[in-house]
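One structure follows; several queries about it will come next.
Read-outs throughout are calculated quantities, based only on the coordinates presented, and are distinct from any laboratory measurement. Because the structure is predicted, anything quoted here is derived from the model rather than measured. Every residue, glycine as well, gets a Cβ built from its backbone with ideal geometry; the counts of neighbours run over all protein chains shown.
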Amino acid sequence: MSKKYLYFHDKFEEGEEHLHGVESVLAEAKTPYQFMQIVESTFYGKMLIIDGDVQSSVKDEYIYHEALVHPAMLLHPNPKKVFIFGGGEGATLREVLKHNSVEKAIMIDIDEQEISLNKKFLTEWHRDAFDNPKASVLNTDARQFIEKSVSSNSSEVIISDLTEPFDAGPSYKLFTKEFFELLFDRLTADGIFVLQASMLRNVTFRMHRAIRNTLSKVFPIVRSYYVYVPSFDTTWSFVLASKQYDPKALSPEKVDSLIQQRINGELRFYDGEAHTRMFSLPKDIKRILSEDTEEIITDSKPLVLKRKENV
């Protein structure tokens with residue numbers, strides 16, 4: 001007799017959803033900003049779900065977090081100060097701290113309650129990164145922090161690991177042209193910005209393309225890239241925006257050499273071959289991203305997604 005499970009419905013589009021068997025709910029909280037669940041799934045083990053979206057699983061979170069962090073960090077010749085927006089699991093912070101050049105990593109996440117639960121239940125993710133003396137965590141609004149900081153408070157790399165911009169959520173004002181312009185001013189003259197940019201499929205691309213187009217109005221070099229994340233059951237994308245350096249100029253051999261020189265600790269996914277593959281987009285995606293469109297995200301016309309129903 002087969003075991004019966006509670007099923008979490010991960011909804012992608014109208015008429016498309018993927019099911020995850022859930023054995024138990026380890027923690028659940030409606031914070032002032034979002035609804036979060038930490039569950040034990042049947043196949044992927046421990047899993048974090050926020051506002052009806054799978055954020056990561058213990059089996060494959062390293063794919064997403066290494067892809068988000070290391071291309072930007074290795075592209076910069078000497079990243080000493082890094083800002084992280086979001087990243088409540090602590091895994092983005094964990095990967096940043098593997099770089100021996102880093103002197104200060106400042107994580108800015110508005111949801112103190114979420115971080116508190118993640119510290120307790122997601123130890124496999126953060127691996128005590130929150131307690132690293134190079135790290136500091138500020139529970140404040142990232143936009144207000146950037147607006148109030150002076151231009152001298154600059155960093156070499158800024159990493160945005162925010163939830164998607166759901167209605168009434170905390171993130172939608174952090175994907176606009178005005179915010180990206182603030183980040184440009186807070187980066188050093190050779191600074192780099194990278195962010196997660198939703199699904200990128202030939203049938204699901206609007207958010208990514210709008211983010212890319214918006215960043216192209218601010219930064220001289222903008223590159224899309226993506227990876228397949230098994231627990232998401234789809235490809236997941238990122239956009240890297242740079243003032244000087246082009247990630248496509250890095251050869252596999254150069255990436256592998258930089259990893260040997262500059263990273264302390266194990267990388268399970270990212271290397272020179274993975275770097276080249278991530279930035280090598282297929283023909284259909286390149287066509288979609290090259291289409292002439294006026295999709296620019298602004299404060300007056302933000303990109304806001306409808307909040308999903310929760311389990």
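Just to be sure I follow the definition: excluding the sites themselves, where is the longest run in the chain that has none of the GluC sites (Glu not before Pro) in a DSSP loop with at most 15 other Cβ atoms within 10 Å?
It runs 104-265.
Taking the Cα centre as origin and putting +1 on Lys and Arg beta-carbons and -1 on Asp and Glu beta-carbons, what dipole magnitude results for the range 6-55, to the nearest 20 debye?
For the range 6-55, the charge dipole is close to 280 debye.
Just how large is the dipole of the range 60-101 about the Cα centre, in debye to the nearest 20, putting +1 at every Lys and Arg Cβ and -1 at every Asp and Glu Cβ?
Details: 4 positive and 5 negative charges, 70 e Å.
It comes to approximately 340 debye.
While we're here: To the nearest 20 debye, what charge dipole does the chain have about its Cα centre, counting +1 at the Cβ of each Lys and Arg and -1 at the Cβ of each Asp and Glu?
Once rounded to the nearest 20, the dipole reads 500 debye.
Do the sum for the chain: with -39,500 (n - 2.57) for every DSSP H run of n ≥ 4, divided by all residues, what is the mean residue ellipticity at 222 nm, to the nearest 500 deg cm²/dmol?
Per the formula, -8000 deg cm²/dmol.
How would you rank 229, 194, going from fewest to most other Cβ atoms within 10 Å of each one's own Cβ?
Sorted ascending by nearby Cβ count, the order is 229, 194.
Something else now. Have a look at 244, 198, 275 and report the one farthest towards the positive end of the charge dipole of the chain, computed about the Cα centre with Cβ charges (Lys/Arg +1, Asp/Glu -1).
Value: 244.
Something else about it: Can you run phi through the Karplus equation (6.51, -1.76, 1.60; θ = phi - 60°) for the range 174-187 and list ³J(HN,Hα) in whole Hz, with x for Gly and Pro?
3J(HN,Hα) across the range 174-187, in whole Hz: 9, 10, 9, 4, 5, 5, 4, 5, 4, 5, 4, 5, 8, 8.
Now, a different point. For 236, 125, what ranking results if the residue with the fewest other Cβ atoms within 10 Å of its Cβ goes first?
236, 125
The list (1) 136; (2) 123; (3) 159 gives values of volume of the Cα convex hull per residue in Å³, and only one came from this structure; which label was calculated from it?
Matching the structure shown: (1).
Right, next: Of 81/243; 148/248; 134/248; 59/248; 80/217; 46/134, which sit over 24 Å apart, Cα to Cα?
Distance filter (> 24 Å) returns 148/248; 134/248; 59/248; 80/217; 46/134.
Still on this model: Please compute the contact order of the chain in relative form: average sequence separation of alpha-carbon pairs under 8 Å and at least six residues apart, divided by the residue count, as a percent.
Rounded, it is 18 percent for the chain.
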